[in-house]
Amino acid sequence: MGTIIKKGVNILGITPEVCLVAQVADGCFAELGSSCEITSVFRITAFGYHGSGYAIDFGVDNFPKNVVRYEASKRVVKLLRERLPEYCDVVFGDKRHMDHIHVEIDLRKAYKSVK
Ligand SMILES: [Zn+2]
């Protein structure tokens, strides 16, 4: 297990905040018996915050063979939502997000939450 960066993924411009998200995600995937595979960080034309280092994708193909991928992914999503700050948006299960979990830091919400 552990964190894997998929071949070809560009980590250019990844923010410290997203690095911490990856660390939390590693623990969530580990609980389901999976490594934490980073499948996308930086893309020029992309959904959400991939162009600015505030988003990251995690693949969902590394669960043990005896678990249902969709169910295990949903459990990882639940753990991520419990463990990440409320301004992190965790997206999975719609048409564009069936083979990976997308996490982005909603900067507007993040700055609003500063006390
Ligand atoms: Zn994404």
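None of the figures in this text is laboratory data; all of them are computed from the coordinates on show. All of these numbers come straight from a predicted model, not from anything done at the bench. All Cβ positions, even for glycine, are placed from backbone atoms using ideal geometry, and neighbour counts span all protein chains on display.
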TODO: Taking the residues in the stretch 99-115 that are within 14 Å of the ligand (Cβ to nearest atom) and either in contact with a His (Cβ under 7 Å, 6 or more places away or on another chain) or among the charged types (D, E, K, R) (or both) as candidates, determine which candidate is nearest to ALA25 (Cα to Cα).
DONE: GLU104
Open item on the list: Can you pull out every residue in the stretch 70-98 that is farther than 21 Å from VAL24 by Cβ and either within 16 Å of the ligand (Cβ to nearest atom) or in contact with an Asp or Glu (Cβ under 9 Å, 6 or more places away or on another chain) (or both)?
Closed with: ASP94, LYS95, ARG96, MET98
Task: All strands (runs of 3 or more DSSP E) inside the stretch 26-107 with 1 or more residues being surrounded by fewer than 17 Cβ atoms within 10 Å (Cβ to Cβ) - done: 88-91
Task: Residue that is of a type in the set (A, V, I, L, M, F, W, C), within 16 Å of the ligand (Cβ to nearest atom) and either out of contact with any Lys or Arg (no Cβ under 8 Å at 6 or more places or on another chain) or farther than 26 Å from LEU107 by Cβ (or both), where the choices are ILE4, ILE44, ILE38 - done: ILE44
Task: Test result for VAL9, within 12 Å of the ligand (Cβ to nearest atom) and in a loop (DSSP other than H, G, I, E, B) - done: yes
